[in-house]
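Take a look at the structure set out below.
The values are calculated or read from the model by the stated rules, or taken from the named source; none is laboratory data. The model shown is predicted, which means the values in this text are computed figures rather than measured ones. Using ideal geometry, Cβ is built from the backbone for each residue, glycine included, and neighbour counts are taken over all protein chains shown.
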Amino acid sequence: AGLRHGAHPRRREDFRRHQRGLDDLVWQALDDGDEEVPEETTKSKKKDKKKEAHVAPVFVNLDAFTVNLVPETGDQYLQVVISLEVEDPAEEPALKMQMPKIRNNLTLLLSSKKASELLTKEGKEQLADTLKDEINAVITPPKKNRKGEMVMPDGPVKSVLFTSFIIQ
């Protein structure tokens, strides 16, 4: 039976609840992964994205590195200043505790490079990825999986950023 004007408020409430249930069923039937998502789901995803967006990035600045590069055309050196982007501010103390080991490993890594490897944008990006992996390996060392292979866990450093990069 349909609702008429002035019908009992409880019946209106039951009708609305029934209508919402039908709407949900229609959305489920239409949703095959490529279709639009119901408004409620979209809103909750937007709220999750906003929560993630409000988390300010945390950067840890390292002191400058000055190293001799592998000789190609005479003596050359690299002076680089690095900032580390970490996912969680709580990771900063772990980084600071391991800083002597991190600086040692980065110095060895940087001094093993040739200037020609570092001149291009791709060379710098590859170096940044290698440095990130090296730092994360100090904080969260690689572990063996069931097959006995060494696996690198995700570490606290999201990215390595060069704030100064000089080859001379």
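Residues checked against (1) modelled with pLDDT under 95; (2) charged (D, E, K, R):
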| site | (1), (2) |
| --- | --- |
| Ala64 | no, no |
| Val67 | no, no |
| Val80 | no, no |
| Ile102 | no, no |
| Asn105 | no, no |
| Lys121 | no, yes |
| Leu131 | no, no |
| Thr140 | yes, no |
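Kindly indicate whether Asn105 is in contact with a strand residue (DSSP E or B) (Cβ under 9 Å, 6 or more places away or on another chain) and outside any strand (DSSP E or B). Let's see the steps before the verdict.
Working: in contact with a strand residue (DSSP E or B) (Cβ under 9 Å, 6 or more places away or on another chain): no; outside any strand (DSSP E or B): yes.
Taking the combined requirement at face value, the residue does not satisfy it.
Would you please name the residue that is farthest from the chain's Cα centre (by Cα), looking only at residues in segment 111-168 that are without any contact (Cβ under 8 Å) to a residue 12 or more places away in the chain, surrounded by 12 or more Cβ atoms within 10 Å (Cβ to Cβ) and more than 22 Å from Glu91 (Cα to Cα)? Please lay out each step first, then the result.
Within segment 111-168, the subset without any contact (Cβ under 8 Å) to a residue 12 or more places away in the chain is 117, 120-123, 125-126, 141-151.
Then drop every residue that is not surrounded by 12 or more Cβ atoms within 10 Å (Cβ to Cβ), which leaves 117, 123, 125-126, 142.
Still in the list and also more than 22 Å from Glu91 (Cα to Cα): 117, 123, 125-126.
On the way: Glu117: 26, Gly123: 21, Glu125: 16, Gln126: 17 Å.
Once the filter is applied, the top-ranked residue is Glu117.
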